[in-house]
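**Student:** If you scroll down you'll find the structure; I have some questions about it.
The values are calculated or read from the model by the stated rules, or taken from the named source; none is laboratory data. On a predicted model such as this, the values are computed, not experimentally measured, just so you know. Don't worry about glycine lacking a Cβ; one is built from the backbone with ideal geometry, like all the others, and counts go over all protein chains shown.
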Amino acid sequence: MVRPTILTMLVSIHYKCRGGLYPRSNIERFTVPDEKVSWSTEFIEYKPVNYTSPHINGKPYADPDIGDPNFKPNFNQIDGKISRISYTGKYNVENRYPLNPVGRTGITGRGVLGRWGPNHAADPIVTTWKRFDNGEVALDENNKPILQFVAIKRSDTGEWALPGGMVDPGEKVATTAVREFREEATNSDTMSEAEKKTWLVKFDKFFSGGDVVYEGYIDDHRNTDNAWMESAAYNFHDNNGTVVGGMKLHAGSDAAGVRWVDITSDFELYACHKKIVLEVYNKLLLQYSESS
Ligand code: BGC
């Protein structure tokens, strides 16, 4: 059962998708100063480059071009098996092009993103308290318990990130979060039948009890004025450390590494994943102090 807890809008302005080169291209974004991000602020000089990567052409996860006469997207709605609804509310559509709900990014088109408008992902945050071999919870220098979560190293940017991924058409978002965890952090593709059975016995219950901790826009370096990333993050917390202790981590084909990361002041993560993880940390710390 999924119980919504924190549903926050963490992003009021974006940084990672402004200025500099667009990923995997030599396309320079038009520079957008902080005060010109909002669409409601006039920016007469704004002349962003239009760019849609040729690599997404005809890909099963990609929409056709807006000009394609057979493409009649229903923005702000569930469109067949695809959700074109934004967690941020109703977004504007101008001359048939959906507009990024946070504002200007310095580039139009879809870049490397498949969908016009929101591109939905899901992120699992698997956490437990760090423990010594004798089972005692490890404390930091401020006497607070240390929380650990599973991160993967992304093979595209080399950054550590939550082991999330894109929601498949028609798939439930909570299902995506668990599927991506299995694929990216336990390499379920290479699991033997026996390992798959063990997973069912040991972990299925644990992974059916996630809490939604974030649903919203992601400040992702791939975002454009007309296509952007959104994610729903689910926390799967093992309070006693009895479940995840037995979990074998193996980077899946999309990841270059996987590990438990201690939440300390100096960890960095992809996109705005750190902010989401810190929200989870603060929530769990509060629960911990209330229960001890
Ligand atoms: C990643 C997710 C991430 C999303 C937005 C996806 O490609 O797999 O972990 O939240 O992009 O940045």
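**Student:** Across the range 201-245, which residue is modelled with the lowest pLDDT among those that are under 30 Å from TYR97 (Cα atoms) and small (Gly, Ala, Ser)?
**Tutor:** Within the range 201-245, the match that is modelled with the lowest pLDDT is GLY216.
**Student:** Regarding THR52, is this residue of a type in the set (S, T, N, Q), free of Cβ contacts under 8 Å to residues at least 40 places away in the same chain and within 22 Å of GLU94 (Cα to Cα)?
**Tutor:** The answer is no for THR52.
**Student:** Just to be sure I understand the filter: pairs with C-beta atoms under 6 Å, separated by 6 or more residues or on different chains, first member in the range 151-171 and small (Gly, Ala, Ser), second member within 8 Å of the ligand (Cβ to nearest atom) and part of a loop (DSSP other than H, G, I, E, B). Which pairs pass?
**Tutor:** If the second residue must be within 8 Å of the ligand (Cβ to nearest atom) and part of a loop (DSSP other than H, G, I, E, B), the pairs left are ALA161/TYR270.
**Student:** From the set of residues in the range 204-222 that are farther than 23 Å from GLY241 by Cα and of a type outside the set (D, E, K, R), which is nearest to the ligand (Cβ to nearest atom)?
**Tutor:** As a first pass, look at the range 204-222 and keep what is farther than 23 Å from GLY241 by Cα: 214-222.
Subset that is of a type outside the set (D, E, K, R): 214, 216-218, 221.
Numbers: TYR214: 9, GLY216: 11, TYR217: 9, ILE218: 4, HIS221: 8 Å.
Step by step, filter the range 204-222, then rank; the result is ILE218.
**Student:** Can you pull out the strands (runs of 3 or more DSSP E) entirely within the range 50-163 that have at least 1 residues that are within 16 Å of the ligand (Cβ to nearest atom) and farther than 30 Å from ASN26 by Cα?
**Tutor:** Output list reads 117-129, 147-154.
**Student:** Taking the range 58-72 as the region of interest, how many residues are under 24 Å from the mean Cα position of the chain (by Cα) and touching a residue at least 24 places away in the same chain (Cβ under 8 Å)?
**Tutor:** 4
**Student:** Please determine, by comparing only the residues of the range 177-200 that are assigned to a helix (DSSP H, G or I) and either of a type in the set (A, V, I, L, M, F, W, C) or modelled with pLDDT of 95 or more (or both), which one is farthest from the ligand (Cβ to nearest atom).
**Tutor:** Filtering first and then ranking leaves ALA194.
**Student:** Here's a follow-up. ASP168: in a loop (DSSP other than H, G, I, E, B) and within 16 Å of the ligand (Cβ to nearest atom), yes or no?
**Tutor:** Yes.
Yes/no per residue for (1) in contact with a Ser or Thr (Cβ under 9 Å, 6 or more places away or on another chain); (2) closer than 18 Å to MET166 by Cα; (3) at pLDDT 95 or above:
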{"residue": "THR8", "(1), (2), (3)": "no, no, no"}
{"residue": "VAL11", "(1), (2), (3)": "yes, no, no"}
{"residue": "GLY19", "(1), (2), (3)": "yes, no, no"}
{"residue": "ARG24", "(1), (2), (3)": "yes, no, no"}
{"residue": "GLU45", "(1), (2), (3)": "no, no, yes"}
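Yes or no, residue by residue, for (1) assigned to a helix (DSSP H, G or I); (2) within 16 Å of the ligand (Cβ to nearest atom); (3) farther than 30 Å from TYR46 by Cβ:
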| site | (1), (2), (3) |
| --- | --- |
| LYS202 | yes, no, yes |
| THR224 | no, yes, no |
| TYR234 | no, yes, yes |
| THR242 | no, no, yes |
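**Student:** Which of the residues belonging to the range 258-279 are β-branched (Val, Ile, Thr) and either surrounded by fewer than 19 Cβ atoms within 10 Å (Cβ to Cβ) or in a strand (DSSP E or B) (or both)?
**Tutor:** Scanning the range 258-279 gives VAL258, VAL261, THR264.
**Student:** Considering only residues that are assigned to a strand (DSSP E or B) and more than 29 Å from HIS55 (Cα to Cα), which ones fall in the range 207-222?
**Tutor:** Of everything in the range 207-222, those that are assigned to a strand (DSSP E or B) and more than 29 Å from HIS55 (Cα to Cα) turn out to be ASP211, VAL212, VAL213, TYR214.
**Student:** Have a look at THR88, THR31 and point out the one that is surrounded by 15 or more Cβ atoms within 10 Å (Cβ to Cβ) and of a type in the set (S, T, N, Q).
**Tutor:** On inspection, the qualifying residue turns out to be THR88.
**Student:** Could you grab me the full set of residues in the range 268-292 that are of a type outside the set (A, V, I, L, M) and away from the ligand (no atom under 16 Å from the Cβ)? Walk me through how you get there before you give the answer.
**Tutor:** Initially, the range 268-292 is screened for residues of a type outside the set (A, V, I, L, M), giving 268, 270, 272-275, 279, 281-283, 287-292.
The answer is TYR281, ASN282, LYS283, GLN287, TYR288, SER289, GLU290, SER291, SER292.
**Student:** Filter the range 91-111 down to the residues that are within 21 Å of GLU45 (Cβ to Cβ) and of a type in the set (A, V, I, L, M), then identify the one that is surrounded by the most Cβ atoms within 10 Å (Cβ to Cβ).
**Tutor:** ILE107
**Student:** May I pose another question? Among the residues of the range 82-102, are any closer than 30 Å to THR242 by Cα and of a type outside the set (A, V, I, L, M, F, W, C)?
**Tutor:** No, because not a single residue in the range 82-102 is closer than 30 Å to THR242 by Cα and of a type outside the set (A, V, I, L, M, F, W, C).
**Student:** Moving on. THR264 passes all but one of (1) within 21 Å of HIS120 (Cβ to Cβ); (2) at pLDDT below 90; which number fails?
**Tutor:** (1) is the only condition that THR264 fails.
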